[in-house]
Amino acid sequence: MSARRPETKPARTIEPASKPKSTNGRAVSPYGYPFWDWVAREDPEYVAARQPLSQLSIGEGKALSIKHREMVIIGILAFRGTKDGVVAHMRRAIEHGASKRELLEAIQSAAVPGGGPTFATGAQALMALDQEGAFKK
């Protein structure tokens, strides 16, 4: 007796991503990572395929706001020592209502499992944003 294979659905085709919208030659993105502009030109299908997952990860959630999602991402990036990434995600958290105090507490929380280097990366990023006036209204 042969095993019966389940019926498979035809593969979805992915439409290439439209050309990124730009302002002064830079793509509009929540973080401004210039390498994504390059990737979008080199492999628009990859960018199009990745966008739904990114939206689920960094978009408005059912229970977590963008601000709180960004704080989770900030803690992970601080642990990984990527100050530029921490700064980019802190900027977006600020755009979505995060205060300096909330970001400091997020970094303090990440320092418990992440240790001193995690705290140092986050604190340096937060200090840089504070010094450039990111929290002045």
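Brief remarks on what is shown
- The conditions of being more than 17 Å from the chain's Cα centre (by Cα), within 25 Å of Glu60 (Cβ to Cβ) and modelled with pLDDT of 95 or more are met by Glu102.
- Residue that is buried (at least 16 other Cβ atoms within 10 Å of the Cβ) and in contact with a His (Cβ under 6 Å, 6 or more places away or on another chain), where the choices are Ile107, Ile94, Ile74: Ile74
- Scan of region 110-126 for residues that are more than 19 Å from Arg69 (Cα to Cα) and surrounded by 12 or more Cβ atoms within 10 Å (Cβ to Cβ), ordered by number: Pro117, Ala120, Gln124
- For region 40-71, a residue qualifies if it is modelled with pLDDT of 90 or more, in a helix (DSSP H, G or I) and among the hydroxyl-bearing types (Ser, Thr, Tyr), and exactly one does: Tyr46.
- Those residues of region 114-137 which are free of Cβ contacts under 8 Å to residues at least 24 places away in the same chain and either of a type outside the set (Gly, Ala, Ser) or in contact with a Cys (Cβ under 6 Å, 6 or more places away or on another chain) (or both), in sequence order: Met127, Gln131, Glu132, Lys136, Lys137
The values are calculated or read from the model by the stated rules, or taken from the named source; none is laboratory data. As the structure is a prediction and not an experimental result, all values here were calculated from the model. We place every Cβ from the backbone using ideal geometry, glycine too, and count neighbours over all the protein chains shown.
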